[in-house]
Structures are given as structure tokens and as C-alpha cells.
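Everything below concerns the one structure shown next.
The values are calculated or read from the model by the stated rules, or taken from the named source; none is laboratory data. Keep in mind the model is a prediction, meaning the values are calculated, not measured. Cβ atoms come from the backbone with ideal geometry, glycine included; neighbour counts cover every protein chain shown. Keep in mind that these areas ignore ligands, DNA and RNA; they rest on the heavy atoms of the full protein, side chains included. Shrake-Rupley method; radii C 1.70, N 1.55, O 1.52, S 1.80 Å.
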Amino acid sequence: MRVVLVGPPGAGKGTQAQIIAERLAIPKVSTGDIFRANISGDTALGQRAKAYMDKGDLVPDEVTNAMVRDRLAEDDAKNGFLLDGFPRNVQQAETLDTMLSDLATELNAVLELVVDEDEVVRRLEGRRTCRKCGHVHHLDYDPPKTEGVCDVCGGELFQRDDDRPETIRRRLEVYREQTAPLVDFYDRRGLLVRIDAIGAVEDVTRRAVKALGVGEAS
Ligand code: AMP
């Protein structure tokens, strides 16, 4: 199955993508995660991406598209994938179409996670990410047992630079202007399914699985 997840920053795309991808036994391809791994590894790609990410802007399309093209050509993506954070504008969506037709395949569904902006800001401001394993805690909704320490692996929790208030505002603006039009783009093609992404993680997963028609056991 080939699925794209869309939704504003803080909608829970990363969390749901992880769970759904495991359940469907397909890789989760997250452009944000790939950029962050490159930043940690201090690669040339990471250095280039960081300047944009810290401001809440999109990394230029030619950089992002080339990275996704390489990733989707890997063996583990042959039987499907779940894209988290890509495409993020219409140009990227058109490039994805070309990539998939080059691979003689196409998307099965685009899942939109619907969350209002106030909730998104609350989620992002309280988010604390583990430096070691990437697990995400929330200061109010899922606080760690010990302040600053990840429950899963004991790693150090930190606030992503782009989860600071000024950057959050910019990321939401970018979402409204550039990414939200994708909802119509995919709806017109009959690919869009939308779910309410407010509530417990398990409830949102249940809605997602149902909307995608993949059933609990898949
Ligand atoms: P995310 O983890 O998906 O919220 O992404 C974090 C940041 O990485 C974004 O704010 C962008 O700066 C960058 N990024 C992630 N995916 C893309 C994309 N498809 N196109 C351009 N920039 C992206």
C-alpha cells in the first residue's frame, strides 16, 4: 500500500505513521526525520536543510525531491510505503506523481489528520523529543516520569528548535499557504480520506486504519 499522510505540524503524523507503517509492514518515510538524521550526522545535506528548518521554512524542492526519489527507490519501499511530511506543496506532489509513474505504480490513499490550530500550538509547545531514540513526550499530555529524561531509553529530552513559539507560527503559515492546497489536489483525484486527529493515540489509529480500509488485523 502506498499512502501519504497530510496534516499541520503537530497533528501527530509522525506518531501515527510509525504505528500504521509497522502494522502494514511497510517503511515509514519521513522527510523531517531524514533531515534531522542528516543534521545530527553533520552532513552537507543536513547543514543545508538546517538553515531552512530552524526558521520554519520548507527546504528547497530540488533538495527534498532528490532525497525522496532515492529513498523510494530502495528495496524496502518496493511493496509500499507511508510518506510522512512529503509532499508539502503542489510542486512536490506533481514530482511524486512522476516518481511513482517511473516506478510503474501509484498512490492508494492520502490520509488527512484534521486538528485545529489552537490544539496544534498546545501540542508543539509542550513537545519534548528524545535525543537518543526520537521518542516524543509532551509536558502535559504524556510527561516523562523524570523531568528531562526519556521513559523509553533514558536519553535526554530536548525541545526541537522548530518547536519554539516564533517558528511554530511560521510553520503554521507555511502549512496554510503551501501544504493545505494539497488536500483539494488529492480530493479532486478521489484519493483523500480525512479523520479527526484529536483524542488518544489509539483512538486516532483506529480511525486511521478504518478510513484506510486496512482493518485491525492487517
Ligand atoms: P516535520 O518533522 O515533518 O515537521 O519537518 C520539519 C521540517 O523539515 C519542516 O518544517 C521543513 O523545514 C523540513 N521539511 C520536512 N519535510 C519537508 C518537505 N517535504 N519539503 C520541504 N521541507 C521539509
ask   = Of the residues in the range 44-62, how many are more than 8 Å from the ligand (Cβ to nearest atom), farther than 16 Å from ASP161 by Cβ and touching a helix residue (DSSP H, G or I) at 6+ places or on another chain (Cβ under 8 Å)?
value = 1
Residue check, ASP140 at pLDDT below 95, over 26 Å from GLU74 (Cβ atoms) and open to solvent by less than 80 Å² (accessible area, probe 1.4 Å) = no
request  = Filter the range 76-115 down to residues that are free of Cβ contacts under 8 Å to residues at least 40 places away in the same chain and among the charged types (D, E, K, R) and give me whichever is nearest to the ligand (Cβ to nearest atom).
outcome  = GLU94
key: Filter result (among the hydroxyl-bearing types (Ser, Thr, Tyr) and either free of Cβ contacts under 8 Å to residues at least 40 places away in the same chain or more than 14 Å from the ligand (Cβ to nearest atom) (or both)) within the range 20-43   = SER40, THR43
ask   = Of these, THR167, THR179, THR129, THR146, which one is open to solvent by less than 50 Å² (accessible area, probe 1.4 Å), hydroxyl-bearing (Ser, Thr, Tyr) and farther than 28 Å from PHE81 by Cα?
value = THR167
